[in-house]
Amino acid sequence: MEARGEGREEKGARLSRRALARRVAGKLMLALAVLVTTNLIGSFLLESEGTLGGVAWEAFRQASDVDTVVVGASYAQRGIDPDELDSCLGSSTINLGSPAQPLDDSYLAVKSVLSRRHVRRVIVGIGCESMFSTWGLRSEVPYLQGMLQGTTLSEAAEVYLGRMTDPQYVGTCNSLNLLFPWAYDFTPSPQRVVTNLEGKLDDTTTLSSAEEQTKHWSYHGKGYGTFEVQFHPTRNDATSTSRYGNRPFLAARVDALLRICDLCREHGVECVVVATPHPTFDILAYGSYYPRSMGRLQRAVERHGAKFYDFNLYKGGRRLGKDDFSDFDHLRHAGARTFTSELAGILYRAERGQDVSKSFYGYDDWDSYLDSVDYVAGVSAEATVRGDGSVTVAATVRTGRPRRAQLRFEAKVGGSWVVLRDWGSATSVTWTPPAHGAIEVRVRARIPGADPTGTYVQKTFLR
């Protein structure tokens, strides 16, 4: 009897465990269903219908022939015009650059392109910030979403699994958040949510939606667009160095770039790494950091079989001015066309076996580059308010010949400009304003003989 009772108890325990397992499984399935439903609703309501990366990938899918692709962050996206390349080289180019595109995603883009098209050239547009910035998933996810449209489930799973297990994300909430793209690619205001929904319900194209939602952005075709904002360096003296600092290049970023070079070499595809132009004053602001860091990168890239051209050190062509840039490190359309035309010329000559190295200053001959900047490329100013009420204005001249530069300090008093310190070599002036409040200061800089007109910066400080 006892054995029979124990058997019934054991059987009851097994049934109880099975029932518990079924209840747990049911709750897990319910939670999964809620999660999937929430994800679908969130994606429909909040995921942007038109991203710049999505526009680029849509152009790629619609193109009948592609033999050249451009990848990289905004330097490439806004700086390399496919039409200029194609008109000179007879190529068929798509620009797959995107804002804040990490080089890991550039690698994934190149890998995806090589599996779909017979590409013969890959151009990677970079700047110093490409090599040390740690952009978040908010820029990555929309780009990957655009890239994976129309691909197989296995390819999408491989890409997302790779990003989820990336050392920079694994062990953090970002590893799982990758499964919820709307959490990154979302519309930040009620009005944009409404506009986004209207676009989805009206079958608005990706391009139309992107143009609607991205202020100042103009699309020029073949995945390429620019922000047509006028740059005013006389009122905004920010530089890459002042904004981002001169940070060491990250090994992971360098490795990603070299993996692109290796991938192209394995497929018999030409890889060209291009440092896109910045305003001259921005390059000068880097100081010795620029030739030291970029020189090491150039040597590494060339060891891996790729070409490396830095158009900040280009000797030919028209000198790009403030009207060619939208800010201190990005080109407007006019500047991009000029630069891309010169890039196409270099590629054309290199294709025919010509030595194009003499068209650029070398990192190991930085003094020659500095000697070429025999004009005032820019001037910046900072003010320090002291306890006694006086203000010290200190200026920095951006030129290859700073010892020859002269400065003139002026301030606006009673609606008129007065000279605080006339032309001379002094780089600062201390002055006590007649009243508290906003102080408008102007610093002019010139090089006698070489650049007598020079330039100036005008800023407002509070005292």
With Cα atoms, 0 to 90° folded angle of helix 103-116 axis to the chain main axis: 60 degrees
Cα-based equivalent ellipsoid of the chain: semi-axis lengths in Å, sorted from largest, via gyration tensor: 51, 31, 22
For the chain, size of Cβ-based charge dipole, Lys and Arg +1, Asp and Glu -1, in debye: 960 debye
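Which of SER74, SER130, SER139, SER368 comes first, and how do the rest follow, when ranked by fewest Cβ neighbours within 10 Å? Kindly include the intermediate steps, with their values, before the conclusion.
On the way: SER74 24, SER130 27, SER139 21, SER368 13.
By the 10 Å Cβ count, ascending, the order reads SER368, SER139, SER74, SER130.
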Cross-link pairs beyond the 22 Å C-alpha cut-off, checked among LYS215/LYS459; LYS307/LYS358; LYS111/LYS222: LYS215/LYS459
In sequence order, calculated HN-Hα J values of the range 277-293 (Karplus, 6.51, -1.76, 1.60; Hz; x Gly/Pro): x, 10, x, 4, 4, 5, 5, 5, 5, 5, x, 5, 4, 5, x, 5, 6
The range 204-235-the range 236-286 distance, computed between alpha-carbon centres (Å): 23 Å
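So what is the 222 nm mean residue ellipticity for the chain from helices alone, if each DSSP H run of at least 4 adds -39500 (n - 2.57) and you divide by all residues, rounding to the nearest 500 deg cm²/dmol?
Values: 16 runs with 202 residues, N = 463.
For the chain, the value works out to -13500 deg cm²/dmol.
DSSP loop trypsin sites (Lys or Arg not before Pro) in the range 367-403 with at most 16 other Cβ atoms within 10 Å of their Cβ, which ones?
On the way: sites: ARG386, ARG398, ARG403; in loops: ARG386.
Those that pass, being in a loop and sparsely packed, are ARG386.
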Leading residue at positive end of dipole, the range 378-462 (Cβ point charges), from PRO402, ALA450, ALA438: ALA450
log₁₀ of I(q)/I(0) at q = 0.14, 0.16 Å⁻¹ - the range 350-463, Debye sum with one point per alpha carbon: -0.63, -0.75
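Please give the charge dipole size of the range 378-462, origin at the Cα centre, charges +1 on K and R Cβ atoms and -1 on D and E Cβ atoms. Round to the nearest 20 debye. Don't skip to the end; give the middle numbers.
Details: 12 positive and 6 negative charges, 68 e Å.
Computed about the Cα centre, the dipole is about 320 debye.
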Integer Hz, Karplus 6.51/-1.76/1.60 couplings in order for the range 344-359, x for Gly and Pro: 4, x, 5, 5, 4, 5, 5, 4, 9, x, 7, 7, 9, 4, 6, 7
Residue-by-residue Karplus 3J(HN,Hα) for the range 58-67, coefficients 6.51, -1.76, 1.60, Hz, glycine and proline x: 5, 4, 5, 5, 7, 5, 6, 8, 9, 10
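Values in this text are rule-based calculations from the coordinates and carry no lab data. Everything quoted here is computed from the prediction, not taken from an experiment. Using ideal geometry, Cβ is built from the backbone for each residue, glycine included, and neighbour counts are taken over all protein chains shown.
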